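The values are calculated or read from the model by the stated rules, or taken from the named source; none is laboratory data. Note that the structure is a prediction, hence the values are computed from the model and not measured. Don't worry about glycine lacking a Cβ; one is built from the backbone with ideal geometry, like all the others, and counts go over all protein chains shown.
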Amino acid sequence: MTQNSFSPLSLNELKMILEKGEGYRIEFKEKLGSGIDKEMIAFANASGGRILVGVADSGIIKGLKITNNLKSQIQDLANNCEPAVIITMEEFKNILIINVFEGIDKPYKCSSGFYNRVGPNSQKMSRNDIIDFVKTEGRVRFDEIVCRKFEYEEHFDEKKLNKFLKIAGISKVLENELILKNLDVASVDELKKIVIYNAGALFFSRNLDDIYFHTTVTCALFKGKEKHTVLDRRNFNEDVVSSVDYAMNFLKKYIAVRYEFNGKPQRIEVPEIPYEALREAVVNAIVHRDYFQKGANVMIEIYDDRIEIISPGGLVKGLSPEEFGEKSVLRNPNMANLFQRINYIEKMGTGIKRMQNMVIRAGLKPIKFDFSDLFVTATFYKNTVVNEEIVDSGAESRAESRAESRAELEILSALLKSEMSMQEIANALNSNTVTGYLKRSVRNLLTDELVEYVLSEKPNSRLQKYRLTKKGFYRLKKKSMK
């Protein structure tokens, strides 16, 4: 449980809230009507929040006539909840702002039942939900704890905040400190010093590795179907948004694709496993992991026949394996809210079904989910027939004969480890000089799309490096199996 504090809103803060829209701690109501007590209860049972009365769901100010009688009605609604909900009210021109404090005697109930906050929505709790809520309430949420290691001047990255605001469509009308406070990732302590919660550290650290080591996302490519020989491995721990992006780049590098043509000049790339399904699983693994479990990382493991995405912490308490995918219980609600702001998460509670639908439409086996006390594992199965086919038959026979060249196979093997300049490739082949033969070999590999430029817009740059394509990876893999 965290302690709420509500300072009066400035005009710029209000503008930002209206742009940002409804969220985990913000609710808009065009008029008083019915249901205000439901929103109060949901905020009291969660982490507190604000209800802006006189604002439409779209964020457009409609306004209302604020009278003492209206305020009295709202206070009566709060007092009639069981137990009474603590609120304060403030006026901003023709908007009435109800500040709802997180409850200290949960669960709270109104006339229509028990409610909790799930993302930007107030969700009614069933009997079993209430039992589970009572059992688990009081547990500290990692993303809401102050990050004591985070020194604002040293660790905060303004560029990452600006990028977040741009993606979320939020104008930067406030100072950074106030923006962070309105995103619910920071507060001001008794010494008037800004303190950052773990959610803020996870999203806006200059380098998260300086704060936590267990927040790393580890991606590994294994040879064959067992965890024996590692062909490629990367650790990502700059911030959680970058970790998602880097992990997806790693997956895309090693996922087989086929090309379809529909009469247009641009060919259509169809990945063996839908990228969006994998991305949803990666985001889920990062958002829903147990960050109190510091002995394990999120793992993404690629095998010949499958991809496993492993999240530490097991299922959230209160969620059974049978309810998984049907109910939404958030272990780290602030993180989920921030990811939803930038559209890395769609509607709360719909992700599992959407992922399953995508893989089934792709003609693959359903995703298998395994649960233990320590981990949740999502297994995506490959189509092993398609896995060997990188379709571009016009160049296939040329690539087949050329890749027989020992030198070209050695170049592909070298680039499997990392991106390289021409000189670095020469060194990897135990040569101190870049020969004409080496240049021709690289040109051949570029022609057959087995290798590509890193600086694609500047092919003649002196800083140019080369990297293996998906097609090159599977060509090398096919050769190694013969």
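Summary table
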item: Matching residues, the stretch 322-351, being over 14 Å from Pro274 (Cβ atoms) and assigned to a helix (DSSP H, G or I); result: Pro333, Asn334, Met335, Ala336, Asn337, Leu338, Phe339, Gln340, Arg341
item: Qualifying positions in the stretch 427-444 - more than 21 Å from Asp232 (Cα to Cα) and part of a helix (DSSP H, G or I); result: Gly436, Tyr437, Leu438, Lys439, Arg440, Ser441, Val442, Arg443, Asn444
item: Residue among Gly59, Gly63, Gly21 that alone is over 18 Å from Ser187 (Cβ atoms) and over 27 Å from the mean Cα position of the chain (by Cα); result: Gly63
item: Residue match in the stretch 286-309 (condition: closer than 21 Å to Val359 by Cβ and in a helix (DSSP H, G or I)); result: yes
item: Residues located in the stretch 335-375, provided they are at pLDDT 90 or above and under 29 Å from Gly48 (Cβ atoms); result: Met335, Ala336, Asn337, Leu338, Phe339, Gln340, Arg341, Ile342, Asn343, Tyr344
item: Some residue of the stretch 330-344 being out of contact with any Ser or Thr (no Cβ under 8 Å at 6 or more places or on another chain), β-branched (Val, Ile, Thr), surrounded by fewer than 22 Cβ atoms within 10 Å (Cβ to Cβ) and not assigned by TED's automatic domain parsing to the domain that holds Ala201; result: yes
item: The lone exception for Ile131 - which of (1) surrounded by fewer than 18 Cβ atoms within 10 Å (Cβ to Cβ); (2) more than 30 Å from Gly35 (Cα to Cα); (3) hydrophobic (A, V, I, L, M, F, W, C) it fails; result: (2)
item: Criterion: among the basic types (Lys, Arg), more than 18 Å from Tyr115 (Cβ to Cβ) and in contact with a helix residue (DSSP H, G or I) (Cβ under 9 Å, 6 or more places away or on another chain) - qualifying residue of Lys20, Lys15, Lys29, Lys62; result: Lys20
item: From the options Glu457, Glu404, Glu419, residue that is among the acidic types (Asp, Glu) and at pLDDT below 80; result: Glu404
item: Selection count, the stretch 306-329, where residues are among the β-branched types (Val, Ile, Thr) and surrounded by fewer than 18 Cβ atoms within 10 Å (Cβ to Cβ); result: 0
item: Extreme residue, surrounded by the most Cβ atoms within 10 Å (Cβ to Cβ), among residues of the stretch 64-116 that are touching a residue at least 24 places away in the same chain (Cβ under 8 Å) and hydroxyl-bearing (Ser, Thr, Tyr); result: Tyr115
item: Only one of Phe101, Phe114, Phe133 that is hydrophobic (A, V, I, L, M, F, W, C), at pLDDT 90 or above and closer than 29 Å to Ile342 by Cα; result: Phe101
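Conditions (1) among the small types (Gly, Ala, Ser); (2) touching a residue at least 24 places away in the same chain (Cβ under 8 Å); (3) farther than 28 Å from Asp304 by Cβ; (4) surrounded by 20 or more Cβ atoms within 10 Å (Cβ to Cβ), marked per residue:
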| position | (1), (2), (3), (4) |
| --- | --- |
| Leu412 | no, yes, no, yes |
| Met422 | no, yes, yes, no |
| Glu457 | no, no, yes, no |
| Leu468 | no, yes, no, yes |
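Residue by residue, here is whether (1) closer than 22 Å to Phe339 by Cα; (2) of a type in the set (Val, Ile, Thr) holds:
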{"site": "Phe213", "(1), (2)": "yes, no"}
{"site": "Lys227", "(1), (2)": "no, no"}
{"site": "Phe236", "(1), (2)": "yes, no"}
{"site": "Asp239", "(1), (2)": "yes, no"}
{"site": "Asn249", "(1), (2)": "yes, no"}
{"site": "Glu272", "(1), (2)": "no, no"}
{"site": "Ala281", "(1), (2)": "yes, no"}
{"site": "Ala285", "(1), (2)": "yes, no"}
{"site": "Ile302", "(1), (2)": "no, yes"}
